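Chemist: Take this structure, written in structure tokens, and hold onto it; I'll ask about it next.
The values are calculated or read from the model by the stated rules, or taken from the named source; none is laboratory data. The structure presented is a predicted model; accordingly, all values stated were derived computationally and were not measured. Glycine gets a Cβ as well: all are built from the backbone with ideal geometry, and neighbour counts include every protein chain shown.
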Ligand SMILES: Cc1cc2nc3c(=O)[nH]c(=O)nc-3n(C[C@H](O)[C@H](O)[C@H](O)COP(=O)(O)OP(=O)(O)OC[C@H]3O[C@@H](n4cnc5c(N)ncnc54)[C@H](O)[C@@H]3O)c2cc1C
Ligand code: SF4
Ligand code: SF4
């Protein structure tokens, strides 16, 4: 079995990479260990409306709900409202992630890629230390898939990169460990994605409530693994739901466990190999949102692969233009947000409460640093010292 | 009795992959939607146990 490109994983990163590689004429095979693309759903299902700009989805079947914005709730319950366009990559639409992933995979197939389900990548295929493809397994039978380029789009586990000798293992400090219920029969009709902060609510993370429809919502939790204990995500999520009257009577339609990398992007290119999406740790470290990043990086990866196939050059020097392009765009933002994440992690609940109190009536039309700092400090002067690291960062 | 090793309760595991992403020994694989620890490689560092969101991993004496 020989292709120009073999893509491991049919998540957004894999499907988008495959689509753009196939569009530029490469022969592409996607292998996916699941028996159905996108199932089971492991996601809060929030995404920015910027996804429309990529033109990779047809129709509206993948949209469950339209959001007006986000509300950040501080430990003492103070609420700060943000309009959708400044609320980050997780606010805009609430998705049906299974349909979303299937539509993206369909886009890849329509562009000429092939998809093989029930197929595990079990190792990298090498010849004299050179990457030649992947070793795969389907229904107990092992076989080789040869390819000039291997794309590791295998999500948080990032085994393809590890097998190729890259350092993909995460520090617990850089992983959010998650649990989520999709609850129906909840008593609200909201158009805001809510984020609840606080060391007692979700250490090093947050609880999210993303409304999927009139009486249905994704209610989930992420905790920094380094601050977690066995089973803590689930315990704290149950506690949160039980202490919220509007959620308490909800009945779960779905339960999931999840893991989101919240480190900085890692080395993602070797001779004959690219990593994309969660596998390359391309996730917003503040929100844990990775869908937009996967799509953005996947497109760049696919286009770079197209060029490489054209020129029949598959070495690192050729493929590294993928990483270089992202350095000036996506990675800038992810790196800045990683620094912000570190500052936020060091903040006491008290500081978060003061921040929220200062911002609860702030009009976020004027997002200049100066006006923001003025608003913050006029109410709680002691915030000036706590915010120093942010102000430094904004000058970078 | 040998050293303790991590063991996944298959009934509880929901295949999120978190344990695999943090294991410093590359000792865990996903097989038919369940995480499985290879006893040979596990050094019982406990990182996966702490990470699992649903508490599906524990120490076992072998
Ligand atoms: C609980 C939770 C909530 C989240 N909420 C949001 C959110 O609201 N908004 C947002 O933007 N992001 C969210 N994220 C993050 C988002 O889900 C990921 O960033 C996104 O899925 C990354 O896409 P991907 O294609 O890189 O990886 P994935 O979507 O994980 O796809 C990887 C694919 O590779 C397959 N695979 C893995 N190993 C192999 C192998 N060896 N052989 C064959 N196939 C393999 C897997 O089966 C899977 O289909 C959330 C994550 C979690 C866990
Ligand atoms: S962290 Fe827990 S739920 Fe997730 S794959 Fe490992 S054992 Fe399963
Ligand atoms: S205890 Fe440590 S070495 Fe053993 S499987 Fe868990 S993370 Fe890996």
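Chemist: Within 16 Å of ligand 3 (Cβ to nearest atom), at pLDDT 95 or above and within 14 Å of chain B (Cβ to nearest Cβ): does that describe residue A:277?
Modeler: No.
Chemist: With respect to residue B:20, determine if the residue is within 13 Å of ligand 1 (Cβ to nearest atom), modelled with pLDDT of 95 or more and at the interface with chain A (Cβ under 10 Å from one of its Cβ atoms).
Modeler: yes
Chemist: Could you please give the count of residues in region B:37-57 that are near ligand 3 (Cβ under 10 Å from one of its atoms) and either more than 7 Å from every other protein chain (Cβ to nearest Cβ) or assigned to a strand (DSSP E or B) (or both)?
Modeler: Counting residues in region B:37-57 that are near ligand 3 (Cβ under 10 Å from one of its atoms) and either more than 7 Å from every other protein chain (Cβ to nearest Cβ) or assigned to a strand (DSSP E or B) (or both) gives 11.
Chemist: Out of (1) surrounded by fewer than 20 Cβ atoms within 10 Å (Cβ to Cβ); (2) under 30 Å from residue A:271 (Cβ atoms); (3) in contact with a strand residue (DSSP E or B) (Cβ under 7 Å, 6 or more places away or on another chain), what's the single condition that is false for residue A:165?
Modeler: Of everything listed in (1) surrounded by fewer than 20 Cβ atoms within 10 Å (Cβ to Cβ); (2) under 30 Å from residue A:271 (Cβ atoms); (3) in contact with a strand residue (DSSP E or B) (Cβ under 7 Å, 6 or more places away or on another chain), residue A:165 misses just condition (3).
Chemist: Related question: Given (1) touching a helix residue (DSSP H, G or I) at 6+ places or on another chain (Cβ under 9 Å); (2) at pLDDT below 95; (3) under 29 Å from residue A:175 (Cα atoms); (4) buried (at least 18 other Cβ atoms within 10 Å of the Cβ), identify the lone condition not met by residue A:376.
Modeler: Result: residue A:376 passes all but (3).
Chemist: Between a residue in region A:286-298 that is under 13 Å from residue A:104 (Cα atoms) and in the same structural domain as residue A:222 (by TED's automatic domain parsing) and any residue that is within 16 Å of ligand 3 (Cβ to nearest atom) and not in a loop (DSSP other than H, G, I, E, B), which pairs come within a Cβ distance under 6 Å, given they are 6 or more apart or on different chains?
Modeler: none
Chemist: So residue A:137 fits all but one of (1) within 14 Å of chain B (Cβ to nearest Cβ); (2) within 12 Å of ligand 1 (Cβ to nearest atom); (3) within 25 Å of the chain's Cα centre (by Cα); what number is the exception?
Modeler: (3)
Chemist: In addition: Only one of (1) in contact (Cβ under 8 Å) with a residue 12 or more places away in the chain; (2) surrounded by 16 or more Cβ atoms within 10 Å (Cβ to Cβ) is not met by residue A:109, so which one is it?
Modeler: (1)
Chemist: Does at least one position in region A:159-166 carry a residue that is facing another protein chain (nearest Cβ under 9 Å) and either under 21 Å from the mean Cα position of the chain (by Cα) or not in a helix (DSSP H, G or I) (or both)?
Modeler: For region A:159-166, residues facing another protein chain (nearest Cβ under 9 Å) and either under 21 Å from the mean Cα position of the chain (by Cα) or not in a helix (DSSP H, G or I) (or both): present.
Chemist: Please enumerate the residues belonging to region A:17-57 that are surrounded by fewer than 18 Cβ atoms within 10 Å (Cβ to Cβ), closer than 22 Å to residue A:178 by Cα and away from ligand 2 (no atom under 16 Å from the Cβ).
Modeler: A:39, the sole residue that qualifies.
Chemist: From A:202, A:217, which residue is surrounded by 24 or more Cβ atoms within 10 Å (Cβ to Cβ), part of a loop (DSSP other than H, G, I, E, B) and not assigned by TED's automatic domain parsing to the domain that holds residue A:114?
Modeler: Just a single option satisfies the conditions, and that option is A:202.
Chemist: Then there is this: So residue B:5 passes all but one of these: (1) surrounded by 17 or more Cβ atoms within 10 Å (Cβ to Cβ); (2) more than 10 Å from ligand 2 (Cβ to nearest atom); (3) modelled with pLDDT of 95 or more. Which condition number does it fail?
Modeler: So the condition that residue B:5 fails would be (3).
Chemist: Do we have residue A:149 as in contact (Cβ under 8 Å) with a residue 24 or more places away in the chain and in contact with a strand residue (DSSP E or B) (Cβ under 9 Å, 6 or more places away or on another chain) here?
Modeler: Criteria met by residue A:149.
Chemist: Right, another one. If residue B:31 passes every condition in (1) more than 9 Å from chain A (Cβ to nearest Cβ); (2) without any contact (Cβ under 8 Å) to a residue 24 or more places away in the chain; (3) farther than 26 Å from residue A:288 by Cβ but one, which one does it miss?
Modeler: For residue B:31, the failing item is (1).
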